[in-house]
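Report on the structure given below.
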Amino acid sequence: MAPSKTRTIKNKHAGPKGGSSAPAKGGAKRSTTDGVSKSKSKKPKGPVVSQQVKEKNRALLMKRPKKKTYTAEELGIPTLNMITPIGVEKPKGKKKGKVFVDDKESMTTILSLVQAEKEGHIESKMIKARQMEEIREARKVEAEKKAAEKKAMLEDTKESLRKKRKRKNDGKEDNMKSISLTGTKANKASKKRVSFA
Amino acid sequence: MRPLTEEETQAVFKKLAEYTGASLKNIIAPQEDGDRNVFRLSQNRVYVVRLSMANLATSIARDNLLSLGTCLGKFTKSGKFRIHITALPILAEHARHKLWIRPNGVMPFLYGGNIVKAHVGRFSEDCPEHQGLVVYTMDDVPLGFGVSARSTAESRRLDPTGVVCFRQADCGEYLRDEDTLFQSG
């Protein structure tokens, strides 16, 4: 047997194109669906899509059901006692930006509020100052009274001392007189003596 | 340039009310020609300006607008309001408590010193401690403002060198702080 010539076929679709040649060894007739011709790919896509959906569903069924993740709010976990910095938590439903005060009415309202507050402060300050002043006055009067009493007592004691001295002086004067009369020499006579037994 | 928010307005009025009485409401009252004064914030400085002028000023770019109307003071970075000497005409007009200083005390005050008892010519009655005061010369020329160191009754007993009023601002600042007083930014 002579070796038969082999032909390389790149793929099953790339068969011999010649119509005159006999059909391939396999004899398989090319179906309308396989083939890469572009004109044939322009078929209505309806059934293909349905097929894809089916495939997707199958894929979904094959997949494991995704676990639901809960947020801290859903679980009702108590929040940590920490400081939330300003600007991090923004109130919901509130309008963004600053609210300006430019109309006369609202300015007057703010001004009257501020003034009432200030008046109250000043009033209380003045009342306090007046009370303090009264207390100071009372203390001053009391201190003066005490000082006067002390002075009076001192005067009394002084007087009494003077009187006492006068009385003593009366007695002393006699002595002095006697001394002046007799002289102090009499005392000198009583000299210290040492006696030996 | 923008109007003030509610908090800012409150801060400004609180500071002004330290020095002024009930007549401060005249500042926002409508004027005879139908115009009124409004507050405007430009580069942290607060200005009192006529509404018509403020509307005209909107045509000037923010960077090009140095000043308009009367500058009251400025907001610090922490949100407090600091009153400037430029607000003196308004304070002098509506002052609650006043202090007149003798001619020998004018220069020490204008050089930035506190007011001592020896320099006081006249003093408002019933002025409590730490209350805003507007300082005048004996000829009623406003010189600046400060805060009372003691109440009127206490300051009467004070010795001549005792401080009666702590200086907050004086007209000497126009020269001393010339380069920072109107500087923006």
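The values are calculated or read from the model by the stated rules, or taken from the named source; none is laboratory data. Everything numeric in this text was worked out from a predicted model, so none of it was measured. Positions of Cβ are backbone-derived with ideal geometry, glycine not excepted, and every protein chain shown enters the neighbour counts. The area values use the complete protein model at the heavy-atom level, side chains included, leaving out ligands, DNA and RNA. Shrake-Rupley method; radii C 1.70, N 1.55, O 1.52, S 1.80 Å.
Pairing residues of region A:119-138 that are assigned to a helix (DSSP H, G or I) with residues that are open to solvent by less than 70 Å² (accessible area, probe 1.4 Å) and of a type outside the set (S, T, N, Q), at Cβ distances under 6 Å and at least 6 apart in sequence or on separate chains, gives A:K125/B:P128; A:M126/B:P128; A:A129/B:P128; A:E133/B:A153. When you look at A:E142, is it of a type in the set (D, E), open to solvent by 90 Å² or more (accessible area, probe 1.4 Å) and either within 14 Å of chain B (Cβ to nearest Cβ) or not in a loop (DSSP other than H, G, I, E, B) (or both), yes or no? So A:E142 fits the description; yes.
Across region B:126-169, the number of residues qualifying as open to solvent by 50 Å² or more (accessible area, probe 1.4 Å) and part of a loop (DSSP other than H, G, I, E, B) comes to 11. When B:V106, B:V48 are checked against the criterion of being over 18 Å from B:V147 (Cα atoms) and β-branched (V, I, T), B:V48 stands alone in meeting it.
Residue count for region B:96-112 satisfying the condition of being open to solvent by 20 Å² or more (accessible area, probe 1.4 Å) and either under 17 Å from the mean Cα position of the chain (by Cα) or aromatic (F, W, Y) (or both): 6. With respect to (1) surrounded by 10 or more Cβ atoms within 10 Å (Cβ to Cβ); (2) more than 9 Å from every other protein chain (Cβ to nearest Cβ), the lone exception for A:E105 is condition (1). Taken over region B:4-43, residues that are exposed (fewer than 13 other Cβ atoms within 10 Å of the Cβ) and without any contact (Cβ under 8 Å) to a residue 40 or more places away in the chain amount to 7.
Would you call B:L91 assigned to a strand (DSSP E or B) and crowded, with 20+ Cβ neighbours inside 10 Å? Spelling it out, it is not the case that B:L91 is assigned to a strand (DSSP E or B) and crowded, with 20+ Cβ neighbours inside 10 Å.
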